[in-house]
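Engineer: Below you will find the structure I want to go over with you.
The values are calculated or read from the model by the stated rules, or taken from the named source; none is laboratory data. Owing to the predicted nature of the structure, the values given are computational and were not obtained by experimental measurement. Counting neighbours? That spans all protein chains shown, and the Cβs are built from the backbone with ideal geometry, glycine included.
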Amino acid sequence: MKRTLGTCYYPEHWSTELWAEDAERMVEAGLTWVRIGEFAWSRLEPTPGDLRFEWLDQAIEVLGAAGLKVVLGTPTATPPRWMIDKYPDMVAVDVDGKPRKFGSRRHYCFSHQGYRAECARIVGLLAERYGKNRHVGAWQTDNEYGCHDTTISYSDAARDAFRVWCADRYKTIEALNEAWGNIFWSMEYNSFDQIDLPNLTVTEPNPAHSLAFRRFSSDQVVSFNRLQSDLIKAQSDAPTSHNYMGRITDFDHYKVGDDLDIATWDSYPMGFLEDRVGADAAHQKAYARQGDPDFQAFHHDLYRAVGKGRWWVMEQQPGPVNWAPYNPTPLPGMVRLWSWEAFAHGAEAVCYFRWRQAPMAQEQMHAGMLRPDSKDAQAMHECKQVRDELADAPDVQPAQARVAMIFDYDADAAWAVQPHGAGLSYFGLVFDTYKALRQMGLSVDILRPETRDFAGYDVVLAPGLMHMDAGLKQALNQAKSHIVLGPRSAARDGDMNIPVPLPPAIDGLDVTVDRVESLRPDSPVSLDNAGAFTGYRELLEGSAEVVLRSADGEAAVMSNVHVSYVAGWADVAGWRAILMPLLDKAGIKVMDLPDGLRVRDTAGERFWFNYSADPVSYDGRDFAAASVTRDAK
């Protein structure tokens, strides 16, 4: 697979006299792709019906004539001010009932039918005008669905659409009352028109109601995106994409991705370190100029699954950002490291955000490849180094890992509705498990929850998969892989009720969760061999073999021949104790990597990434700080 580079460009921000010079410099820097247009609605249509595409025609022609391929974005993430005048009720409403006003971006509710019609109109016009344009090599729908907490809206439009969604799903109000357990606290409805949204209640709303609303909200994103992708595909053969974000889990990315050709994501390793990784202060300090060693890799693997093998980094952090609590500059070498890490995980393209730092508005403190005065910024030098290395590097040959994890957005919704302890989340559980595997030197594949064929995987993990349908349980039980479940796997049915038989209810595995507890941060439960359960654990009963106990004598892991159930949220040392016997049996070599050093295997190469700010040594080899090392197999 050929690896390419790109950037994000805003021709509407700059004098037309700069466009040709910028395009020439992009090509000289080794860039192939340039994304444009995703925030340009007010320039495309400054007043209703006053369409001005000529400047975009010229920009595409200038960029294309220089040899660049354009990724054309639809402008629906930034409706212009006149749109709010036309549809005052189109803005989203937050959980406290406050409108999300004009003056920034993403100020719309996915459920508003008037705004949807406007989106269909502008996207249809763009697709008709540029669908056969020889320079438009790909499309992007909207921009960063869910960013700024904008998936879930408590507007009147959302309420009305939710009632229709509920009627379609449950058919009768009696069926909904039964599924949600509305007999509790006299919450029964007489008609679907009585259903309100699960906010501003006296105490917490019914968890079944909240989960249904989150599923509805996810489906609204899916249908909003499908509206655009269908219009584009009717006019263009160029691939479609959307740029997802890090740790945005409140809509089902798999379902959005099913209507697109490529998954892309926006990678900001240092920006995400403090507000999304969930790391403690010491970890944040150690990686302040590099980013977490596993957060980017996890999302690379996740979006490879979302894109069914095809994925890019659409926005790669090039220097300091403007929006994190603290915004240091990356260590020398980190832009190169982040780029190569994406390629090692199978990225087709890495595009740097942005070409030139903006001198105005909200992102004026966000670095680009060029400074505001058009001089090269830090990232440009490392981009050119990657350009030169790509010219001599063999194409990446993907390889299936021997270890896989299932990631399920619906499980994340269930945990968000009912975390059962402060700070607990499905994403956090899965990410901690992934980190433990990476620290053991393992490459990991992420699998979709509808996966039924596990051929080629020696170990498949499904921690925290709150709802498991009968088909998934059967497929896992029949797999030749060793399956690792728990905690909270199969803990709820499809409507957030505790099922009977009690979980996990896996044929052939005599394990029952007797009771559960969330743990204080200062009260971990130690395991016999090493490590501990932190945050959450379950007390188990049954006749399955106890293969690991906690220090208080309770079963920590129970197994049959090929299924193990883990009774808590293990730390890294705990996961080593749990997995080492399984990995040894499968003949999978485990490493004891020093802090910051990570490995990624492809079919033809082994990549070593040192995220540490200092040189490290492992197995007789030295790895420079903030460096990438490639070994041919």
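For every residue, the table says whether it meets (1) more than 22 Å from L390 (Cα to Cα); (2) of a type in the set (S, T, N, Q); (3) over 32 Å from the mean Cα position of the chain (by Cα).
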site	(1), (2), (3)
P11	yes, no, no
S15	yes, yes, yes
A20	yes, no, yes
A23	no, no, no
M26	no, no, no
G30	no, no, no
R35	no, no, no
A40	yes, no, no
L44	yes, no, no
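Engineer: I would also like to ask the following. Test R438 against the stated conditions and say whether it is in a loop (DSSP other than H, G, I, E, B) and basic (K, R).
Structural biologist: no
Engineer: Mind checking which residues of the stretch 320-347 are assigned to a loop (DSSP other than H, G, I, E, B) and either crowded, with 22+ Cβ neighbours inside 10 Å or of a type in the set (K, R) (or both)?
Structural biologist: Across the stretch 320-347, the qualifying residues are P330, H345, G346, A347.
Engineer: Across the stretch 473-494, what is the total count of residues that are out of contact with any strand residue (DSSP E or B) (no Cβ under 8 Å at 6 or more places or on another chain) and either within 24 Å of A586 (Cα to Cα) or not assigned by TED's automatic domain parsing to the domain that holds V444 (or both)?
Structural biologist: 4
Engineer: If you go through the stretch 525-567, how many residues are within 32 Å of the chain's Cα centre (by Cα), closer than 14 Å to I578 by Cβ and in a loop (DSSP other than H, G, I, E, B)?
Structural biologist: 3
Engineer: Give all pairs with beta carbons closer than 7 Å in which a residue from the stretch 167-187 that is in contact (Cβ under 8 Å) with a residue 12 or more places away in the chain meets a residue that is of a type in the set (G, A, S); count only pairs at least 6 apart in sequence or on separate chains.
Structural biologist: Filtered contacts from the stretch 167-187: I173/S191; A179/A208; W180/A208; G181/A208.
Engineer: Sort out which residues of the stretch 33-65 are among the charged types (D, E, K, R) and closer than 14 Å to R121 by Cβ, and write them in order of number.
Structural biologist: Hits for the stretch 33-65 are E45, D50.
Engineer: So, one more: Would you be able to say whether some residue in the stretch 32-54 is free of Cβ contacts under 8 Å to residues at least 40 places away in the same chain and among the aliphatic types (A, V, I, L, M)?
Structural biologist: Yes - at least one qualifying residue is present in the stretch 32-54.
Engineer: Within the stretch 578-605, which residues are surrounded by fewer than 16 Cβ atoms within 10 Å (Cβ to Cβ) and either over 28 Å from N529 (Cβ atoms) or of a type in the set (K, R) (or both)?
Structural biologist: Across the stretch 578-605, the qualifying residues are K585, K589, A603, G604.
Engineer: With the stretch 1-120 as the region, which strands (runs of 3 or more DSSP E) entirely inside it contain at least 2 residues that are buried (at least 20 other Cβ atoms within 10 Å of the Cβ) and in contact with a Cys (Cβ under 7 Å, 6 or more places away or on another chain)?
Structural biologist: Answer list for the stretch 1-120: 4-8, 31-36.
Engineer: Out of A613, A625, I need the residue that is more than 27 Å from the chain's Cα centre (by Cα) and assigned to a loop (DSSP other than H, G, I, E, B). Which one?
Structural biologist: Every option except A625 fails the conditions.
Engineer: Output the residues belonging to the stretch 264-283 that are of a type in the set (D, E) and out of contact with any Pro (no Cβ under 9 Å at 6 or more places or on another chain).
Structural biologist: D266, D280
Engineer: Only one of these conditions is not met by A413: (1) of a type in the set (G, A, S); (2) crowded, with 20+ Cβ neighbours inside 10 Å; (3) assigned to a loop (DSSP other than H, G, I, E, B). Which number is it?
Structural biologist: (3)
Engineer: On to the next question. Of the residues Q290, Q284, Q296, which is within 30 Å of S374 (Cβ to Cβ) and in a helix (DSSP H, G or I)?
Structural biologist: Unique residue meeting the criteria: Q296.
Engineer: List pairs: first in the stretch 92-110 and closer than 19 Å to W41 by Cα, second among the aromatic types (F, W, Y), Cβ under 6 Å, 6+ apart or cross-chain?
Structural biologist: Y108/Y115; F110/F224
Engineer: Filter the stretch 293-321 for residues that are free of Cβ contacts under 8 Å to residues at least 60 places away in the same chain and more than 15 Å from the chain's Cα centre (by Cα) and give the result.
Structural biologist: Residues satisfying the conditions are Q317, P320, V321.
Engineer: On to the next question. Please verify whether the stretch 194-207 includes one or more residues that are β-branched (V, I, T) and closer than 27 Å to F39 by Cα.
Structural biologist: No, the stretch 194-207 has no match at all.
Engineer: So which helices (runs of 4 or more DSSP H) are wholly in the stretch 151-250 and hold at least 3 residues that are within 25 Å of C119 (Cβ to Cβ) and in the same structural domain as V277 (by TED's automatic domain parsing)?
Structural biologist: Counting at least 3 such residues, we get 207-233.
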